[in-house]
Amino acid sequence: MAEAHQAVGFQFTVRPDGLDYKLSQEVIKNIYLSGVTAWKKRVIQFKSLVKMFSGRRPLLYSFQASLPRLPVPSVDDTICRYLESVRPLLDNKQYNQMETLANDFKESLAPQLQRYLILKSWWATNYVSDWWEEYIYLRGRSPIMVNSNFYVMDLLYVTPTHRQAARAGNVVHAMLQYRRKLERGEHAPLRALGIVPMCSTQMERMFNTTRIPGVETDIVQHLNDRKHLVVYHKGRFFKVWLYTGGRHLLPSELETQFQRILNDTSEPQPGELKLAALTAGNRVPWARARAKYFGQGANKVSLDAIESAAFFLTLDDEVQGYDPAKTNSLDSYAKSLLHGKCYDRWFDKSFTLISYPNGKMGVNAEHSWADAPIVGHMWEYVLATDCFHLGYTEEGHCKGDVNKGLPYPTRLQWQIPKECHEVIDRSYQFAKQIADDVDFHGCLFNEFGKGLIKKSKTSPDAFIQLALQLAQFRDQGVFCLTYESSMTRMFRDGRTETVRSCTSEAVAFVRAMEDPGATNAQRLALFRKAADKHQNMYRLAMTGSGIDRHLFCLYIMSKYLGVESPFLKQVLSEPWKLSTSQTPQQQLNLVDINKFPKYVGAGGGFGPVADDGYGVSYIIVGENLITFHISSKFSSPETDSFRFGQNIKKAMLDIRALFKLQNDVKTEEQAKHTCLENGKKQM
């Protein structure tokens, strides 16, 4: 996903000085610190165990302490799998050179690095996750807008009310309910396939969390229960209290507060309009501006209010959302969620909730604290609570009495000097260049979905990944290193692992599809072989036997020891020209989508990973719908997101033809909504 962007061209700058024994002490120190963090989490998990044994219903963290540690694979296995993964992408000379580098590494540095890594795995609860967060996310100095943050869309077909303040009131109230259940551990434990317990620690920092910029590295600041949020509307920042009389504000009370903000006609203070652009630009200028201009007085008080808020809410002034009558609507909606105007989302907050004038909603999420399924879990709960539990009056207002005695939202005060105005404007101009370069295309593929794919006795994910390989080859004429995000949350503190989807088997299948001399029987046999290979690679990644996280940690260890590895340097610099991710659906099963087929989400997506590559997020919405979120860069003469969407659609249909299957069941929505077409790429 977006994390692939940070992994490309990765550089680690901390180099301990001194003799060998001092270098080893530096490694031991970092291993020790990883363990300290892990033991703090164990104390929290112990409290959950006490609660678990005092009642019948398991709590969110009930299985946390029983989760296994992520195992450290053997160096031989990892290198063997790595060489296998790059074989279809290299000619004989290139492959022989890489094989030589790999063997040299295996015989020289690898044993020492592996020993330290195993030592860390004994002491820390997860040998990857703390380094992954720090070096892939927090040490990155480039903008997090587009490059790291991701977005989540609203319901695709349904808007429960078209009143902006009312929808925001219900959604914010549902989020507060979710947060309260989260703090009490009352959510059901997360389980893979409804059976295998998964790690829940990422959920701990969902609320009351902000990424704080630093010159060399950022930090993630997580606070205890916060009783307010900050709202942005037309260049003004407002502080809104979420409690009254020791309870949450009711949806109708929140609607009143948000409507007051919408009705406010005051002008932004000098420097206030585009202030949030600081969070959209490079991290170093933002860190220096924060220290210089926001360390005291009114600016500090106001910034503290934002950074300590439960989350950030933008009351947007532009209509967005999917409209089948407008061919560009999904594209525009995605870009609005991903980057907006570059100054109307606080990109450092754990998430920014975005409310549009037509009642549509969405989320922009910062990536360092958690991965997309965690945000998706919260969003599923919120949408189900909003639509099926809270509801609206016939006029579209929140239910309940209107309390006009609430204190008005408070305007945040700023005293921003002119020198800071210049920093803000530079950050804005830099961020705008990034945003304007995002070529996005949303595709609603409704020719078939999970139902028909299962008839072919194939994993839906493998089916789609092979379609992406076929589409990529037709689009570019070459194969490329492909990133698919898999989860490792069956292990304690697990996050993600990479599935390298461009396998030799996938390449053989694609070549057969493009060979007019190949028969459909031959193509089908190669497809099944490639699908089986993909499934096996995915299982290995999920069960701790992936390739990339192990090599990443060996690279980090080499930097702590102050040694260079040409092999690891080459591996970490390889670009992912196709980065993909599947958005999970129905994690909570709160809504029966067979009974309520219109109440489906559109999923989410992320920005382009490589300058001349594609980012593709997809969600298998149900039996007859798959949505694709495709991103690339206008500045690249090699890519075109709309063209790639058409290639994906054709690849899906061509693979279906191999099985001679027809989709006999088509819903009314399928008949209405075809794959969006937004014309040719324009600069």
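All of the numbers you see were taken from the coordinates with simple rules; none came from a lab. Because the structure is a prediction, the values reported are computed rather than measured. Positions of Cβ are backbone-derived with ideal geometry, glycine not excepted, and every protein chain shown enters the neighbour counts.
General observations
- Calculated FRET value between K404 and A657, using beta carbons and R₀ = 60 Å, to 0.05: 0.40
- Once the C-beta distance of I118 and K181 is scaled by a Förster radius of 45 Å, the resulting FRET efficiency is 0.75 to the nearest 0.05.
- Which of V591, V510 has the fewest Cβ neighbours within 10 Å, and the rest in rising order: V591, V510
- Mean-position separation - Cα centroids, the range 339-368 and the range 612-640, in angstrom: 20 Å
- For the chain, the residue among Q582, F527, A310 whose Cα projects farthest onto the positive side of the dipole built from Cβ charges is A310.
- Helix-only mean residue ellipticity at 222 nm for the chain, each DSSP H run of n ≥ 4 adding -39500 (n - 2.57), per residue, nearest 500: -13500 deg cm²/dmol
- Where labels lie 7 Å past Cα in the beta-carbon direction, separation of K326 and N594 in nm: 3.6 nm
- Residues K533, K455 arranged by fewest to most Cβ contacts within 10 Å: K455, K533
- Counted by Cβ distance under 13 Å from L109, the other residues give a net charge of +1, where Lys and Arg count +1 and Asp and Glu count -1.
- Put a dot 7 Å past the Cα of E267, heading toward its Cβ, do the same for D304, and the two dots end up 3.0 nm apart.
- The protection proxy used here, the mean number of other Cβ atoms lying within 10 Å of each residue, ranks peptides 213-220, 149-156 as follows, highest first: 149-156, 213-220.
- In order along the range 171-181, the Karplus-derived 3J(HN,Hα) couplings, from 6.51 cos²θ - 1.76 cosθ + 1.60 at θ = phi - 60°, round to 5, 5, 4, 4, 5, 5, 4, 4, 4, 4, 5 Hz, and Gly and Pro are given as x.
- Listed candidates (1) 97, 71, 60; (2) 124, 53, 52; (3) 74, 69, 58 - label of the one calculated as Cα extents along the principal axes in Å: (3)
- Ranked by how many other beta carbons lie within 10 Å on average, peptides 268-277, 317-326, 186-195, 420-429 from highest: 268-277, 420-429, 317-326, 186-195
- Zone residues, the range 238-280, relative to Q413, backbone N less than 15 Å from point 7 Å out along Cα-to-Cβ: 238-239, 269-270
- For the pair K454 and H222, the difference between a 0.36 nm per residue extended length and the Cα-Cα distance amounts to 79.2 nm.
- Gyration tensor verdict on the range 310-460 (Cα atoms; rounded if a/c is under 1.5, prolate if a/b is larger than b/c, oblate otherwise): oblate
- The gain in end-to-end length when the K93 to D77 segment is fully stretched comes to 3.5 nm, 0.36 nm per residue minus the alpha carbon separation.
- For the chain, a crude dipole built from +1 on the beta carbon of Lys and Arg and -1 on the beta carbon of Asp and Glu, taken about the Cα centre, is about 1460 debye to the nearest 20.
- Counting only DSSP beta bridges whose two residues both lie in the range 137-436, roughly 80 percent are antiparallel.
- Pairs exceeding a 24 Å alpha-carbon distance, out of K106/K529; K450/K633; K529/K660; K533/K569; K93/K577; K326/K450: K106/K529; K450/K633; K533/K569; K326/K450.
- Most simply put, the chain has about 75% antiparallel DSSP beta bridges, counting only bridges with both residues inside it.
- With 0.36 nm allotted per residue and the present C-alpha distance subtracted, the D104-K234 stretch has 40.9 nm of extension available.
- Those aspartates and glutamates that a straight Cα-Cα span of less than 12 Å connects to K360, excepting residues fewer than 8 apart in one chain: D154, D316, D317, E318, D323
- When each of K181/K595; K404/K595; K454/K649 is checked by Cα-Cα distance, pairs over 30 Å: K404/K595
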